[in-house]
1. Tell me, which residue of the range A:477-492 that is under 18 Å from residue A:336 (Cβ atoms) and not hydrophobic (A, V, I, L, M, F, W, C) is surrounded by the most Cβ atoms within 10 Å (Cβ to Cβ)?
2. What is the one condition in (1) assigned to a helix (DSSP H, G or I); (2) crowded, with 21+ Cβ neighbours inside 10 Å; (3) more than 10 Å from every other protein chain (Cβ to nearest Cβ) that residue B:73 does not satisfy?
3. Which residues, counting only those in the range A:524-546, are more than 20 Å from residue A:371 (Cβ to Cβ) and out of contact with any strand residue (DSSP E or B) (no Cβ under 8 Å at 6 or more places or on another chain)?
4. I need a count of the residues in the range B:51-70 that are more than 7 Å from chain A (Cβ to nearest Cβ) and within 14 Å of residue A:325 (Cβ to Cβ).
5. If a residue has to be facing chain A (nearest Cβ under 8 Å) and closer than 17 Å to residue B:149 by Cα to count, how many in the range B:23-42 make the cut?
6. Within the range A:310-325, work out how many residues are touching a residue at least 12 places away in the same chain (Cβ under 8 Å) and either of a type in the set (Asp, Glu) or outside any loop (DSSP other than H, G, I, E, B) (or both).
7. Would you confirm whether any residue within the range A:506-520 is under 28 Å from the mean Cα position of the chain (by Cα) and polar (S, T, N, Q)?
8. Return the pairs, sorted by first residue and then second, in which the second residue is in a loop (DSSP other than H, G, I, E, B), the first residue lies in the range B:29-46 and is of a type in the set (Asp, Glu), the beta carbons are less than 7 Å apart, and the residues are 6+ apart or on different chains.
Amino acid sequence: MPTLLSGNEAIAQGAWEAGVVVGAAYPGTPSTEILENLVRKSGVRCEWAPNEKVALEVAIGASLAGARALATMKHVGLNVASDPLMTVAYTGVGGGLVVVVGDDPGMHSSQNEQDSRRWGPFGKIPILEPSDSAEALAMSRHAFELSEELDMPVLLRSTTRLSHGKGLVETGERSEAERERYRTSRPKWVMMPGAAKIRRVDLERRLAVATERSETCEFTREELRDTSLGIITAGIPYEYVREVLPDASTLKLGMVFPLPEQRIREFASRVGRLVVVEELDPYLLDAVRAMGIEVDDAGLSHVGELSAGAVAAAFGAAAPAKRAPMTDLPARPPMLCPGCPHRGVFRALREMDAVVTGDIGCYTLAALPPLGAMDSCVCMGASISMAHGFALAGGAPESRPVVAVIGDSTFAHSGLTGLLGAVYNGGSETIVVLDNRITAMTGHQDNPFTGRTLSGAPAPEIDIEAVVRALGVDDVHTVDPNLFRPTEKALRLAVEHEGVSVVIAKAPCALLNRDRPDPFAVDESACTACGICIRLGCPAISRDASSKASIDPESCVGCRQCVQVCTYGAIVRTGRSCDIGSVL
Amino acid sequence: MSVTTVMLVGVGGQGTILASDVLAKVAASSGLDVKLSEVHGMSQRGGSVDTVVRFGDRVFSPTTDAGCADHLVSFELLEAARWLHYLKPEGRLVVNNRVIEPLPVLIGEMGSPTGVEAALAFEGAVLIDADEIACEAGSPRSANVVLLGALSMGLPFEAQAWRDVITMRVPPKTVQGNLAAFELGRAACLKGECG
């Protein structure tokens with residue numbers, strides 16, 4: 001009986017069936033669950049790397065050793081890994097090397113929506129793009145063979161809808177890949193200019209073979225139905241086309257780089273109107289036009305996620321009858337959880353009127369009201385280097401303190417180098433490491449500072465304070481951010497210190513805390529409706545009809561944060577009405 | 001059978017993803033093609049979330065558009081209003097009448113909308129107090145299974161197929177509580193204006 005698998009589970013299954021030996025990744029939505037699933041299978045060693053560049057280099061090393069290797073990451077992670085990626089195209093592979101990249105059209109959980117298909121022509125790297133879970137499994141499995149056959153790394157491109165969509169899949173058995181005995185091959189692997197020039201020429205030869213392979217790729221399917229309309233498409237958009245244009249002929253591309261020019265020409269000659277349907281950039285459209293083939297733009301937006309309805313509308317279908325959306329509803333943005341230890345830091349930074357350069361993680365939510373305590377968020381690690389640049393430029397005119405905030409995992413990912421630069425160059429900024437003992441945003445993954453590996457095994461728990469001191473920072477404070485007064489005091493001392501200061505705000509993510517002390521409630525007779533607790537932005541606290549504070553006993557985790565800000569002693573401990581018991 | 005589209009919406013952390021997985025497995029165990037779409041990541045931190053389950057003889061798109069859902073199950077009252085235009089005019093609406101105040105209301109930027117429950121009732125919603133019923137079932141975190149019970153009354157699957165998947169899918173210690181929650185969800189639906 002077929003199994004219901006997400007795209008990510010299917011990719012993990014396919015890699016396992018292909019005999020993958022090493023998997024490495026840095027967690028990133030929508031790619032995270034691939035390694036989390038692969039690590040549970042036998043015969044494969046999987047690791048969280050501190051960042052995507054390290055993950056890919058680990059996989060390249062395994063490939064050099066002759067083993068099949070997998071590296072997975074989200075689209076912006078591939079930017080970090082692009083340095084090794086661009087050159088491993090030259091060296092080629094030993095064991096099959098597959099890189100999975102998860103794009104996020106619509107930016108459900110990302111800072112941009114770049115289209116990773118561009119890495120194909122840019123890096124000269126073959127790309128496979130599945131359109132459902134079954135194909136994700138088959139392509140993942142096939143990608144390793146293809147990589148070995150072509151002597152090239154292969155990119156498997158997913159999107160959020162594929163990675164986090166589920167479909168029925170027939171799973172298979174694992175076949176161990178043959179491994180040759182390792183032999184040094186310097187002309188292939190040592191990319192000094194002399195050797196690289198030769199591999200550069202050879203890359204053109206391999207690309208030509210890859211193009212021939214694309215012409216016969218079993219995942220590229222011409223489906224002739226009514227030939228008055230022919231649609232070239234790939235990936236998830238193929239599913240939308242089949243949904244709303246069931247009679248149209250389709251050329252579904254499985255390999256989206258290199259493109260099979262002959263098959264595209266043949267398909268174009270067999271259909272009347274030829275149209276490209278794709279999500280994000282006009283990647284296929286530009287390529288088909290460059291072939292000199294007459295093709296229509298479907299007129300779909302290049303911004304955001306596609307849907308079946310958008311495709312139907314582009315081909316003239318009337319929108320379905322529907323109710324008018326209700327207006328005047330309050331938006332529901334995500335927010336820091338009840339008991340989140342980050343709250344104590346951002347409350348203090350707001351009180352200090354600091355300019356806060358932010359980073360990537362749950363704590364970016366502190367940019368939203370009522371905390372509103374973040375000035376920037378660009379990419380992993382940027383908080384520290386941007387704070388340095390901001391201070392270097394003279395800072396804010398009104399001499400507000402400049403503070404960088406960065407999570408523990410993000411600090412390991414790419415904060416260390418920024419800190420090194422700040423210390424080396426005599427910076428004076430303050431850096432807060434929000435050490436909540438986990439990579440929280442992507443769903444609680446371990447990292448080099450948590451003392452556990454991806455497989456759950458104990459690991460050396462690297463001491464952030466020792467690392468920071470070793471990088472030359474003298475002024476280091478470690479505080480429990482759930483204790484507001486000591487946290488604010490440490491931050492004020494750090495800001496006053498000349499030279500780089502680091503405050504390590506260390507307390508576990510509230511979601512990791514299984515203890516649920518009794519909730520607090522508001523003593524209405526003592527509450528003056530001053531609103532100071534409301535400004536903490538805790539989901540458990542709201543204003544009642546009389547503007548006084550009210551605490552939802554089911555949401556309250558009993559963290560005592562609000563108790564510390566209430567100057568009227570109006571927040572008191574109570575019992576629960578309905579005990580939290582079983583969880584589905 | 002032609003494709004049926006069920007949309008489950010709520011607030012991040014309410015268990016919509018697990019509920020949609022149960023529904024998808026029930027459909028698959030009944031021999032149908034199934035696709036499901038969900039969103040992970042930042043919205044899971046208390047934001048508005050939606051998952052879509054589609055089943056039938058052959059399913060292509062894993063997601064849906066406004067005006068195309070046959071069933072809308074909302075785990076929270078305001079989210080039902082937010083996603084209502086996704087429901088077909090003749091579609092079936094099941095709503096947990098519990099309100100979770102969103103951030104602009106919590107911090108006093110906006111008042112809590114009034115008249116939402118009445119507006120949803122006017123649209124033919126089956127309104128049930130899933131949190132209260134979950135407590136009655138002795139399993140307060142199983143409001144999602146209560147709602148699955150209510151949803152199941154409008155879908156063509158045998159109750160036993162649901163019970164089998166729930167039994168398989170939930171932690172062993174919670175099977176009895178979740179099965180009770182499922183039955184109470186079905187019963188609540190019968191008591192209401194369930195069509």
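The values are calculated or read from the model by the stated rules, or taken from the named source; none is laboratory data. Worth saying up front: this structure is predicted, and the values here are computed from it rather than measured. Counting neighbours? That spans all protein chains shown, and the Cβs are built from the backbone with ideal geometry, glycine included.
1. Within the range A:477-492, the match that is surrounded by the most Cβ atoms within 10 Å (Cβ to Cβ) is A:481.
2. Among (1) assigned to a helix (DSSP H, G or I); (2) crowded, with 21+ Cβ neighbours inside 10 Å; (3) more than 10 Å from every other protein chain (Cβ to nearest Cβ), residue B:73 violates only (1).
3. Residues satisfying the conditions are A:524, A:525, A:526, A:528, A:545, A:546.
4. First, the residues of the range B:51-70 that are more than 7 Å from chain A (Cβ to nearest Cβ): B:51-59, B:64, B:69-70.
Filter once more, keeping what is within 14 Å of residue A:325 (Cβ to Cβ): B:69.
Matching residues across the range B:51-70 total 1.
5. Residues in the range B:23-42 being facing chain A (nearest Cβ under 8 Å) and closer than 17 Å to residue B:149 by Cα: 2 in total.
6. So in the range A:310-325, the residues touching a residue at least 12 places away in the same chain (Cβ under 8 Å) come out as A:310-312, A:314-315, A:317.
Filter once more, so that each one left must be either of a type in the set (Asp, Glu) or outside any loop (DSSP other than H, G, I, E, B) (or both): A:310-312, A:314.
Summing the residues that are touching a residue at least 12 places away in the same chain (Cβ under 8 Å) and either of a type in the set (Asp, Glu) or outside any loop (DSSP other than H, G, I, E, B) (or both) in the range A:310-325 gives 4.
7. Yes, the range A:506-520 has at least one match.
8. Listed pairs, sorted by first residue: B:33/B:57; B:33/B:58; B:33/B:59; B:38/A:164.
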